[in-house]
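Worksheet: one structure, shown below.
The values are calculated or read from the model by the stated rules, or taken from the named source; none is laboratory data. As the structure is a prediction and not an experimental result, all values here were calculated from the model. Virtual Cβ from ideal backbone geometry, glycine too; neighbours counted across all protein chains shown. For accessibility, only protein heavy atoms count, side chains too; no ligands or nucleic acids. Shrake-Rupley method; radii C 1.70, N 1.55, O 1.52, S 1.80 Å.
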Amino acid sequence: MAGQGPASEPGDWQSHFTGSNFTGSNFTGSNFIDPNLTGSNFTGSNFTGLNFTDPGRLIDRFVVTAAQMQAIEQRLFAAGMPVAALMEKVAGAIARRVMAWQPRDRGRRVGVLAGPGHNGGDALVVARELHLRGYQVTVYLPLFDRLKPLTQNHAQYAASLGIPIGTDPAPIVAADWIVDGLFGFGLERPIAGPLAQAIAQINDSGRPIVSIDLPSGLHTDRGAVLGTAIRADLTLCLGLWKRGLLVDRSLDWIGTPELIDFDLPLADITAVLGDRPALQRMEAQLAQLPLHRPAATHKYQQGHLLLVVGSAVYGGAAILAALGARASGVGMVTIAVPASLKPLVVARLPEALVVACPETPTGAIASLEPLNLDWQRYDAIAAGCGLGPDIEPVLQVLWQSGRPLVLDADGLNGLATLGWQERSAPVVLTPHPGEFRRLFPDLAQATDDPIDRAQQAAQQTGAIVLLKGARSVIGEPGGSGWIIPESTPALARGGSGDVLAGLLGGLIAQRQPPTSAEWGQLAATAAWWHAQAGLRAVGDRSVLGVDGATLAEALFAVARDRQPPPQSPKDA
């Protein structure tokens with residue numbers, strides 16, 4: 001629900017309600033709809049119409065700013081949806097979800113934080129529903145003198161039911177678990193004073209916390225902490241994914257994020273966001289996998305990728321990039337490496353064409369002459385993994401090849417030295433934050449938001465920019481982009497980026513996208529596939545056991561799960 005008042009210090013409690021008891025715990029069976037109802041009746045399998053975990057939901061791809069979410073809600077209200085009815089619907093879904101998360105037999109005492117706006121109204125409805133189902137609920141209402149009318153009504157009714165309501169956070173931290181509904185989307189002012197102290201107390205309590213829409217204190221669009229913020233274990237994002245929940249810096253605050261879908265009309269969403277939103281979450285149903293392969297084909301019709309990789313110091317990078325390319329299913333891979341590396345690479349990838357190139361005294365590629373520079377043989381080129389320093393002459397040749405080019409690692413460092421030059425063929429850049437700062441120092445200084453960085457860099461250069469992180473972002477030259485919504489810290493390990501570069505190069509060689517939008521989606525597909533492989537490998541080997549070779553092997557498991565079952569003759 002939209003709207004909340006400004007963050008400020010709580011004042012002394014003033015009673016605006018009748019028939020209420022704000023201190024103590026006056027809970028009697030007569031207040032409960034069913035005093036014998038237990039939390040075990042509220043399991044995820046009993047929910048209908050909410051689809052908390054359905055991977056096929058189209059709604060999951062949309063990402064909104066605070067202004068966009070407000071515009072969408074205003075369309076609902078202008079069409080005749082009563083605010084009160086929407087609040088009841090949304091809060092009812094939240095109540096069912098939190099009762100599944102914390103059944104009554106696991107934690108009967110609940111502390112509810114309610115702010116002055118509609119997020120606080122949602123929290124008060126949740127408090128009422130929990131109370132009526134046998135939970136012992138206490139409400140912390142610090143900004144009672146600024147309540148919106150609907151929130152005031154819900155506070156008055158909660159008080160009439162005997163739910164304790166007050167301005168002292170002490171009863172909240174004594175609860176078994178906590179519902180955070182202080183501030184919803186749109187908060188702009190830092191939280192300070194006694195309210196900040198109360199939040200610190202609540203965070204320090206160690207109690208499980210579920211936040212409504214986003215943890216109170218996080219900026220909706222940037223994910224930045226405004227003074228202080230609730231540190232949630234579960235965040236129930238309402239309606240559409242908020243941008244700030246999808247950036248790296250918010251991850252320590254949001255816990256596990258879930259979307260509560262309350263049936264926003266698609267027409268209202270697209271009226272505000274457009275048919276192709278500026279930012280989308282890459283979901284399983286949007287990943288371009290598996291790539292179509294005709295029954296009658298041959299290897300060169302399935303793409304020919306040239307990898308220019310490796311040096312005496314970084315020989316493993318060449319192998320890992322090649323393993324990533326192999327997992328993509330590309331029909332043919334040619335690998336250009338320093339001559340001394342050829343036996344090692346052939347031993348690991350006997351199916352590849354391995355070209356031995358002259359070496360510099362430091363063991364790097366000195367020249368690409370052995371390739372005969374016949375660029376038309378290749379559908380795409382991926383370069384940079386392990387090439388080492390001083391690769392500008394090699395990079396200049398690749399830049400002039402006229403073929404689609406993926407640049408990673410030392411290829412990016414070389415480009416930072418050479419400077420950007422116009423190029424007719426497509427380019428995909430795959431920097432981590434440090435490489436991005438070297439490539440785009442002005443952008444890195446202008447904004448610390450990874451989504452802005454990737455999208456602005458793509459618009460500035462005309463390249464596809466895959467900015468790697470805990471939540472990787474893909475920027476497109478037209479201004480649109482993608483974000484990878486889940487990953488694992490297991491990928492923070494040497495070699496994982498090499499696997500991604502090879503995988504992406506292999507996908508591009510097979511698909512050869514005709515438009516920049518399709519290039520962006522394919523880059524997002526590669527990043528999503530790579531992240532899913534990391535998650536799969538963690539399940540097998542723990543977060544500490546995902547080396548580059550294991551990651552490359554896990555790509556096959558993800559692809560296998562995406563593959564439709566084979567048809568039997570009678571099904572054909």
Return a whole-number percent for the relative contact order of the chain, with Cα pairs under 8 Å and 6 or more residues apart as the contact set. 12 percent
If the cut-off is a Cα-Cα distance under 13 Å, which aspartates and glutamates reach residue 89, setting aside same-chain residues fewer than 8 apart in sequence? 122, 129, 261, 263
Could you state the number of Å between the C-alpha centres of the stretch 149-198 and the stretch 240-263? 21 Å
The stretch 452-572 - percent relative contact order, Cα under 8 Å, separation 6 or more: 22 percent
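Given the -39500 (n - 2.57) contribution per DSSP H run of 4+ residues, what per-residue ellipticity at 222 nm results for the chain, rounded to the nearest 500 deg cm²/dmol?
-11000 deg cm²/dmol
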Can you compute the charge dipole magnitude of the stretch 212-266 about its Cα centre, using +1 on each Lys and Arg Cβ and -1 on each Asp and Glu Cβ, nothing else charged? Give it in debye, rounded to the nearest 20. 260 debye
Euclidean distance of C-alpha centroids, the stretch 367-403 and the stretch 86-101, integer Å: 56 Å
Global form of the stretch 206-319, assessed from the alpha-carbon gyration tensor, a/c cut-off 1.5: oblate
Compute the relative contact order of the stretch 228-283 as a whole-number percentage, counting only Cα pairs closer than 8 Å that sit 6 or more residues apart in sequence. 37 percent
Rounded, prolate or oblate: which one fits the stretch 202-256, using the alpha carbon gyration tensor with axes a ≥ b ≥ c (rounded when a/c is under 1.5, else prolate when a/b beats b/c, else oblate)? oblate
Could you state the principal axis extents of the C-alpha atoms in the stretch 319-409, from the largest down, to the nearest angstrom? 31, 29, 25
Quick one: grab the alpha carbon gyration tensor of the stretch 425-489, order the square roots of its eigenvalues as a ≥ b ≥ c, and give me rounded if a/c is under 1.5, else prolate or oblate depending on whether a/b is larger than b/c. oblate
Work out the length of the dipole vector of the chain about its Cα centre, built from +1 on the beta-carbon of each Lys and Arg and -1 on the beta-carbon of each Asp and Glu, and round it to the nearest 20 debye. 840 debye
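Considering only protein heavy atoms, what per residue accessible area in square angstrom results for the stretch 469-572 with a 1.4 angstrom probe?
Values: 4260 Å² over 104 residues.
Solvent-accessible surface per residue comes out at 41 Å².
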Under the Kirkwood approximation applied to all pairs of distinct alpha-carbon atoms, what is the hydrodynamic radius of the chain in Å? 25.8 Å
Under the Karplus relation with 6.51, -1.76 and 1.60 and θ = phi - 60°, whole-Hz ³J(HN,Hα) for the stretch 387-393, x at Gly and Pro, equal 5, x, x, 6, 9, 4, x
I'd like the carbon and sulfur percentage of the solvent accessible area for the chain, probe radius 1.4 Å, heavy atoms only, ligands and nucleic acids excluded. 50 percent
Could you work out how far the C-alpha centroid of the stretch 517-542 sits from that of the stretch 333-348, in angstrom? 26 Å
With unit charges on the beta carbon (Lys/Arg positive, Asp/Glu negative), name the residue among 117, 405, 90 whose Cα is farthest towards the positive pole of the charge dipole of the chain. 90
